[in-house]
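The values are calculated or read from the model by the stated rules, or taken from the named source; none is laboratory data. All of these numbers come straight from a predicted model, not from anything done at the bench. Here the Cβ positions follow ideal geometry from the backbone for every residue, glycine too, while neighbour counts run over all protein chains shown. Note: accessible area is taken over every heavy atom of the protein model, side chains too, but ligands, DNA and RNA are not part of it. Shrake-Rupley method; radii C 1.70, N 1.55, O 1.52, S 1.80 Å.
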Amino acid sequence: VLLVLLLHQPVLAVGTSAGIDISNTASVDYAIAGSSSTATSNTVTFRVDEKLDVNVSWQDAANVAVGTPDANQVLTYLLTNTGNGDDSYTLNVQNSLGGDQFEPVLVDIYLDTNGNGIFNPGVDTLYNAGINDPVLGTDASQVVFVRNNIPAGQVTGDLGNSQLVATSNTGSGIPGTAFANAGDNSSDAIVGTSGGTSNAIGTYEIANTNVGLVKSVVITDPFGGNQPVTGATMTYSIDVSVAGPGVANNIVFTDPLPANTTYTANTLTLNATALTDVADADAGDVAGTTPNTVTVNLGNLTQGSPIQTITFEVIIN
């Protein structure tokens, strides 16, 4: 079970872009003995410094419901460059925070590659500090996914906090600290009010919530019967439901196509509504997100949500 996000409006930068040259020349008009003339001053030019500011915010709509133990559970964050120039950021995770009942165990950090705000295994990019640090222009944002394992032995209602920290690679420290010629267009870089670093805490909650799947198949053979012979069509139907008091966030259904079968194009449906086979704006795809696999994003579900029914067809080779 993966996790859904609701992207909040990022904090935006204010002011003139770093590295811009601002010039000014004064003049006076005057008359002597009836003759008009003008005098001009020298031109004064200065370059706008780069202000180093950044904001990190947690994006999940509520505490992320997890089991105990549990593996590869996703928290979603939004990293925004709130400075006035281009910058890159080192990311790290702190899980020994106190104030909670358990410490999640960091697995890895991913960068949202396709911009859909949903963690897609095999699509999103594994983060490696110093190798693919996010590079962002002014007001640009990057969705970041943090995956943790959940330890065993917890009880319902226990909380575990995980903090994502982003630090400017240009510089950080006490606001006002200057880094000569380190900004855009060889401007100086000045640490802003964020100190060039920002963090946000996401929270897991142990919940007695389970996602259930019931899968069935109807076989139609070429002779009007229901025998699994070559050329027979197998129509799969999968019901997805949630039991328990919590919220299962961003459920992503995956089903590898059976060996020795061929998917029948344009047969994927969700709740009797057709989905396209390609990875696009609708909820599902076939082999688009993951090769040879049906993928359907079901979003947030609770015990009170309607059962989600997925169907598709394959033919026995």
request  = Provide the per-residue ³J(HN,Hα) series for region 308-317, in order, calculated from phi with Karplus coefficients 6.51, -1.76, 1.60 and θ = phi - 60°, each as a whole number of Hz, with x at glycine and proline positions.
outcome  = 9, 10, 10, 9, 7, 10, 10, 10, 6, 5
Sulfur and carbon atoms: percent of accessible area, region 137-236 [1.4 Å] = 51 percent
query = From the residues 141, 63, 90, which one has its Cα farthest along the dipole of region 63-166 in the positive direction, the dipole being from +1 and -1 charges on Cβ of Lys/Arg and Asp/Glu about the Cα centre?
reply = 63
message = Give me the 1.4 Å probe accessible area per residue for the chain, excluding ligands and nucleic acids, in Å².
response = 48 Å²
note = Here FRET efficiency (C-beta to C-beta, residue 140 to residue 105, R₀ 45 Å, nearest 0.05) is 0.90
query = Given charges of +1 on the Cβ of Lys and Arg and -1 on the Cβ of Asp and Glu, with all other atoms neutral, how large is the dipole of region 188-317 about its Cα centre, in debye to the nearest 20?
reply = 280 debye
Karplus-derived 3J(HN,Hα), 6.51/-1.76/1.60, for each residue of region 120-131, Hz, glycine and proline x = 10, x, x, 10, 6, 9, 5, 8, 10, 4, x, 10
key: Positive-end extreme of charge dipole, region 164-297 - chosen from 182, 260, 194 (charges on Cβ)   = 260
task = Treating only the Cβ atoms of Lys and Arg (+1) and Asp and Glu (-1) as charged, compute the dipole magnitude of the chain about its Cα centre; round to the nearest 20 debye.
result = 260 debye
request  = Might you report the magnitude of the Cβ-based charge dipole of region 35-175 about its Cα centre, with Lys and Arg at +1 and Asp and Glu at -1, to the nearest 20 debye?
outcome  = 220 debye
note = Bridge orientation stat for region 56-203 from DSSP, antiparallel percent rounded to 5, came to 95 percent
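Heavy atoms only, 1.4 Å probe, whole protein assembly: order 293, 156, 16 by accessible area, highest first. Intermediate results must be reported in sequence, preceding the final value.
Details: 293 15, 156 95, 16 75 Å².
Greatest to least solvent exposure: 156, 16, 293.
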